[in-house]
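Notes follow once the structure below has been shown.
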Amino acid sequence: MKIHSLRQRIGLLLLLPVGLLLFLIGFFGFIYMRETLLDEWRDASIVKLERAAHQIDMRLDRVINWIQMFHEASESRGGPLIQDWILNQLRDMKGVAQVELTWNEMDNVSQTMPMHRGRRAMERAGGMGSHGARGLEVTSPRYDAAIGQHTVDLISGIRDDSGNELGRLTISLNFDYLLAGIKSLAWWQTDQACLIENSGRYIAHTNTLMEGRMELGGTQDPFETALLEEIQKRPYGTFLGQGHPPDRVAGYYSLQHAPWIIVLFAPGKEVLSPIVRLRAYFFVGVLCTVCVILLLIHWVVGRMVRSFTEISHASSRVAKGDYGHPIPVQSADEIGQLTRSFNTMVEGLQERDFVANTFGRYVDQEIAQKLMKIPAASRLGGDKREVAILMSDIRGFTPMAETMRPDAIIHFLNRYFSRLIQVIQKHHGIIVDFFGDSMLVFFDPLEGPVEPVIRRSVACAFEMQDIMKNFNSEMKQEKFPEVMTGIGINAGEVVVGNVGSETRAKYGIVGSAVNMTQRIQSRAEGGEVVVSESVYQRISGEMDIKTCRSFTVPLKGIKAPTRLYVVDNAEPVKGEKTANGGH
């Protein structure tokens, strides 16, 4: 009975998310594809209309170019003869139904005259020729009974230098010739398309439903009215009707050489018909998916049991300290989530051990264990307390490094720091950071007095100087030059704790005493240990100190001159604990 209940719950847990996922995919997929198809229709319709408009503009442009040549010929020698030749070329041009040149008499009486009388009219006007096809007018199509065709007139005024009209050149084009290119296009024959004027009046159309209608928006259709407003705002574009999806869509493109617009209409359902079919296929696929899920429930329950067993065995190994490898996540359901959570937990345990081990790499294990027990050591922030601070630096290392290969520099520094780290761990020092060839270390009294850690820091410094002799001997065999280290020691109050962020922090110290230690270290020559006044006063009665020299120097950030001591040797006074002993 429990297995049956488990199967029901698993079936519910599987079907609900899968069903919701499929629903969201179908819903947002439908919206996305709907917008995609509409965008594709917009782009395709604009391209179609642009090509059609370009064909009409090309036919008009050919005639307009000849008209322009006619006007420009008047300014050259032999202009009238050239103009006669141009008029003959226009008459012979395909699609041109009639060419008419009309000159105005000086008494403003307009009549049609042959070319030689027009020349005399220009001579009487002062010998001034025509200047350009200014104000070219393209008329609406009209039926010319004389030739039995619908024609479009291109009218260009002929003016003199003063702007007075001398005459008019009228070219009648066969309207069917202008539309011959686009009437052969498939979309013009099958779709709802039309050619209108800027005012919305129909010039030509392909749909029988438009028969008898005079202008776009004449039936007070909100879609056509809004479309006409859009046409008057932009030279080309698309317009979507009401509804989701829209019941009607339209595209339009304005001609360049005539005040006409080509408009293309399409039903929204026709544009989106592919997605409607896809939606039906999708629902069929959803039903098939649900059936498959129901058949796989038994298999899923078996996998769940195996997953529980594997997690149980892994928990036993972790309890013994054997973390092993992460358990493979084989599903995306609750079992997969449990497996991922278990792997995350084990990873966290490993990380915590790694932090402890890493902490112990540069800190004595005993000190690391004590720090891990302090609550403040595991969180951001810290406490103020007095500590001993030591800083070392290789003298003249920068010029030496400029002559060495990068890999040789790294090898040298790794060997150098490994020797110093051993000494620092021996004296329970905590390494804060490495700065190139420099090292910052502090000795934390934790909850005890500071004097013992000051003594340890001094003893540590002298041992660091002692190992430099052996280190130089070893490195000399590898052809490295001899180096010397300067060490500065100071004692003062700092903030001790974790510095950084929740994701990355470092246990260290912050305070003016750190800056002062760096400046004290800069005063130490190679092989010297320089201590501050506070360090010297606290160890003078506890250790047998041999002072080479003392001096007073100004230090940056400190108003009064500071007295420093160069210590040559420091050993515990007889009867005292060793410097590296306990607190």
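Laboratory data are not the source of any read-out in this text; all were calculated from the coordinates shown. In this text, all values refer to a predicted model and were calculated from it rather than measured experimentally. No Cβ is skipped: glycine too gets one built from the backbone with ideal geometry, and neighbour counts run over all protein chains shown.
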Gain in length, ARG277 to ASN198, computed as 0.36 nm per residue apart minus the alpha-carbon separation, to one decimal in nm?
-> 24.5 nm
So what's the net charge close to PRO561: Lys and Arg +1, Asp and Glu -1, counting the other residues with Cβ under 13 Å from its Cβ?
-> +4
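Can you pick out the pairs among LYS426/LYS469; LYS426/LYS479; LYS476/LYS506; LYS384/LYS559 whose Cα atoms lie more than 26 Å from each other?
On the way: LYS426/LYS469 19 Å; LYS426/LYS479 29 Å; LYS476/LYS506 35 Å; LYS384/LYS559 23 Å.
Listed pairs above 26 Å: LYS426/LYS479; LYS476/LYS506.
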Expected unfolding gain across LYS506-GLN89 under the 0.36 nm per residue rule, minus the alpha-carbon gap, is 141.0 nm
HN-Hα J couplings of segment 216-232 from phi, Karplus 6.51/-1.76/1.60, θ = phi - 60°, integer Hz, Gly and Pro as x?
-> 5, x, x, 8, 6, 5, x, 5, 5, 5, 5, 4, 4, 5, 5, 4, 6
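Which FRET efficiency value, to the nearest 0.05, do you get for MET33 and LEU287 by plugging their Cβ-Cβ distance into 1/(1 + (r/R0)^6) with R0 = 22 Å?
Numbers: r = 20 Å, r/R0 = 0.93.
Here the calculated transfer efficiency is 0.60.
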